[in-house]
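Taking it in order: structure first as structure tokens, then the write-up.
Derivation of every value follows stated rules applied to the coordinates shown; laboratory data play no part. Because the structure is predicted, anything quoted here is derived from the model rather than measured. Quick reminder, even Gly has a Cβ in these numbers, built from the backbone with ideal geometry, and neighbours come from all protein chains shown.
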Amino acid sequence: MQDSPPLLPGPVRRLAAWCAVVLLVSGVVYVGILLCVEFRPAVIPVLLALLGTALLGPLHRRLVRAGVRRSLAAGLTCFAVLAVVGGAVYIVVAALIDSGDQIITSLRNAAQDLADHFGAAGTSLDDLASNARELLSKFGGTAASGVISGVSVVGETLAMAVLALLLVFFFLRDSDRAAGTLRALAPHGSADTVVAMARRAFEAVEGFMRGTTLIALIDALCITVGLLALDVPGAAGLGALVFVGAYIPYLGAFASGAVAVLVALADRGFVVALWVLGVVLAVQLLEGHVLQPLIQSRTVQMHPAVVMLAIAAGASVAGIVGMLMAVPLTAAVFGVLHELRTRHDRAKPAPSPGPPPQE
């Protein structure tokens with residue numbers, strides 16, 4: 001008895017198979033995101049610790065190569081983090097406190113000028129403020145009271161920060177055992193692939209963190225020098241804002257640059273604002289055409305559209321923290337895909353030589 005022909009042609013069956021795979025992967029990813037959101041107090045410290053470990057790994061490895069024991073090297077690295085981060089936070093907060101009033105006043109003046117020239121008839125900033133307060137009292141009373149009484153939020157944030165620091169210590173100290181642990185947990189026959197993917201993902205995150213930190217520092221210094229040369233008020237605070245915003249690619253640079261231009265417009269006038277805009281654009285061109293290719297040439301390169309989509313997805317899942325973590329996590333995913341593609345290309349059989357020519 002002859003077999004009946006298939007109900008669907010071959011291309012349609014292949015398309016259906018791919019759709020099933022995409023739906024299955026999407027479902028797994030969606031469930032994973034829901035679990036991460038549900039267990040956010042535990043997930044966020046782990047992710048922050050991984051980013052911190054990627055950034056501090058070279059320092060720890062240098063201490064170990066110098067003969068320092070792994071535990072002591074991890075402790076010294078964490079202490080250095082506390083000193084550097086604490087000093088940086090103190091400098092940034094002090095700069096923002098010193099220049100915060102000037103920046104806020106300048107932004108208010110800029111908003112008032114824009115409202116005077118482009119505002120709708122019968123609409124003023126006072127009307128907008130009163131409407132905003134009314135909406136807040138109607139719809140945001142519970143949230144506002146929760147924020148005002150947010151001692152628990154501050155405590156939770158501090159607890160997550162301490163947990164992240166402790167995890168950084170353990171991750172650094174036990175980093176030499178990571179490959180063995182993955183090999184023990186990986187399914188039989190796939191240990192080498194799992195270890196290679198994890199190593200490539202971590203290298204991508206490590207390169208991104210180091211490169212982004214260096215680029216953020218260069219951007220902040222250049223823009224601060226430009227603002228000081230143009231005598232824009234709050235130059236140190238605006239430079240600190242540029243440094244922090246650089247960890248959110250494109251969006252952070254745009255927001256911090258826009259604030260600098262508005263401050264210059266309100267305090268120094270239109271001509272100086274144009275000069276500040278030129279400085280911001282020049283720094284962005286320097287970053288895009290020189291710093292990014294030079295500093296991050298060995299990391300995973302991502303299209304700007306992919307970066308923006310990752311930032312939007314991270315913001316929808318975890319707010320500001322999601323925006324900060326979206327790009328390095330996407331870089332890790334790209335690193336894994338690159339490793340899989342490389343292994344797939346190596347596994348392809350070599351083309352067989354053709355028949356020998358006839359004499």
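Table for the structure above
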| read-out | value |
| --- | --- |
| Label-point separation, Ala255 to Leu286 (7 Å along Cα→Cβ), nm | 2.4 nm |
| Estimated vicinal HN-Hα couplings, Hz - the range 62-67 in sequence order (Karplus 6.51, -1.76, 1.60; Gly, Pro = x) | 5, 5, 5, 5, 7, x |
| Listed peptides 68-80, 232-244 by packing density, highest first (mean Cβ within 10 Å) | 232-244, 68-80 |
| Spin-label pair Val68/Ala312, simplified geometry with 7 Å Cα→Cβ offset, distance in nm | 4.4 nm |
| Among Ala196, Leu214, Gln292 - extreme Cα towards positive end, dipole of the range 179-326, charges at beta-carbon | Ala196 |
| Percent of C-alpha pairs per 10 Å bin, the range 245-324, short to long | 17, 39, 31, 13, 1 |
| Where labels lie 7 Å past Cα in the beta-carbon direction, separation of Ala80 and Val31 in nm | 4.3 nm |
| Column: log10 I(q)/I(0), Debye, Cα scatterers of the range 190-291, q = 0.14 Å⁻¹ | -0.54 |
